[in-house]
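In what follows, a structure is listed as structure tokens, so that the remarks can point back to it.
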């Protein structure tokens, strides 16, 4: 470990070259010339990202580490292993720090050694582009523990056992580490002046159909390890409308099978009403301060083709998670992960 290095910034990525360039360009302006290392972990990108080390080598203290595709949890663990600083800051490849981000984050961590970590503020500066086929997140007040903008003191990551590499998808691995630290007695602060921009970006509809719903099963792993903190933060695995969606579909299928056509159609209409309710919650435009039910019919029709089967896939993923992680024991408070 190097006492001379002020901080180590760790960025996992698989591909995402345009976003990485935007991020690295912002870091050049923010930390260029300072004793800060940037570790980019290439998680099995089809096109290796090591060329960025050469391209930005004269502007940043940048190192590129490459591994086979193992997911962001394993990638961040590799970054922690290669880092030399006691202060570890995590960013994602699709954010860009705003001016003053690093000084606000590092000063808060250095001046508050009693904190295990510090969350930064995450905003989206192009919210007007938000639509049902977008990727969007923010962290305006803290308590979300997003690794797109968070810093930890190394000792607390080591106490918690690092990121759990059973989280193979970018889902819940950041909450898991934070929950482990909180259960060990660590405190995580929030620094509103350490701001990154996480722009709304379009997502292919097919990706919405399989990639996002399939991650729901990892909720079981988070719940089994941290039942109290999970239930405090979440309402449950599937909400009442999702369960009603599945039950009403199954009931309609049974009624049709028994030849009870009219009750079957009535149940199917009820099932469709439940689905419309689920989808309308997801069709949101502009700043998320109110629900906008004035959805263009073309958007509604396009969404239907992907969101309808996605609800079934989400429920199937939850069942998979129960089968896969139902036997996991709660995490022990000595830093050893639940088995």
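Quick one: count up the residues across the range 97-138 that are more than 16 Å from the chain's Cα centre (by Cα) and in a strand (DSSP E or B). Step through it out loud before you land on a result.
Keep residues of the range 97-138 that are more than 16 Å from the chain's Cα centre (by Cα), which gives 97-118, 125-133.
Imposing the further condition that a residue be in a strand (DSSP E or B) reduces the set to 97, 117-118.
Residues in the range 97-138 being more than 16 Å from the chain's Cα centre (by Cα) and in a strand (DSSP E or B): 3 in total.
Quick check on the range 175-197: of everything there that is in contact (Cβ under 8 Å) with a residue 40 or more places away in the chain and in a helix (DSSP H, G or I), which residue is surrounded by the most Cβ atoms within 10 Å (Cβ to Cβ)?
180
Would you be able to say whether some residue in the range 233-240 is within 30 Å of residue 101 (Cβ to Cβ), at pLDDT below 95 and under 19 Å from the mean Cα position of the chain (by Cα)? Write out each step before concluding.
Filtering the range 233-240 for residues within 30 Å of residue 101 (Cβ to Cβ) gives 233-234.
Subset that is at pLDDT below 95: 233-234.
Imposing the further condition that a residue be under 19 Å from the mean Cα position of the chain (by Cα) reduces the set to 233-234.
Checked the range 233-240: at least one residue is within 30 Å of residue 101 (Cβ to Cβ), at pLDDT below 95 and under 19 Å from the mean Cα position of the chain (by Cα).
Any chance the range 253-274 includes a residue that's touching a residue at least 24 places away in the same chain (Cβ under 8 Å), surrounded by fewer than 18 Cβ atoms within 10 Å (Cβ to Cβ), out of contact with any strand residue (DSSP E or B) (no Cβ under 9 Å at 6 or more places or on another chain) and not in a loop (DSSP other than H, G, I, E, B)? Steps first, please.
Taking the range 253-274 and keeping what is touching a residue at least 24 places away in the same chain (Cβ under 8 Å), we get 271, 274.
Filter once more, keeping what is surrounded by fewer than 18 Cβ atoms within 10 Å (Cβ to Cβ): none.
Among the residues of the range 253-274, not one is touching a residue at least 24 places away in the same chain (Cβ under 8 Å), surrounded by fewer than 18 Cβ atoms within 10 Å (Cβ to Cβ), out of contact with any strand residue (DSSP E or B) (no Cβ under 9 Å at 6 or more places or on another chain) and not in a loop (DSSP other than H, G, I, E, B), which makes the answer no.
On the given criteria, is residue 27 outside any loop (DSSP other than H, G, I, E, B), out of contact with any helix residue (DSSP H, G or I) (no Cβ under 6 Å at 6 or more places or on another chain), touching a residue at least 12 places away in the same chain (Cβ under 8 Å) and over 27 Å from residue 155 (Cα atoms)? If you could, list the steps in order and put the result at the bottom.
On the way: outside any loop (DSSP other than H, G, I, E, B): yes; out of contact with any helix residue (DSSP H, G or I) (no Cβ under 6 Å at 6 or more places or on another chain): yes; touching a residue at least 12 places away in the same chain (Cβ under 8 Å): yes; over 27 Å from residue 155 (Cα atoms): no.
So residue 27 fails the test.
Return only the number of the condition from (1) in contact (Cβ under 8 Å) with a residue 12 or more places away in the chain; (2) more than 23 Å from residue 13 (Cα to Cα) that residue 103 does not satisfy.
(1)
The values are calculated or read from the model by the stated rules, or taken from the named source; none is laboratory data. Note that this is a predicted model, so its numbers are computed, not measured. Cβ atoms come from the backbone with ideal geometry, glycine included; neighbour counts cover every protein chain shown.
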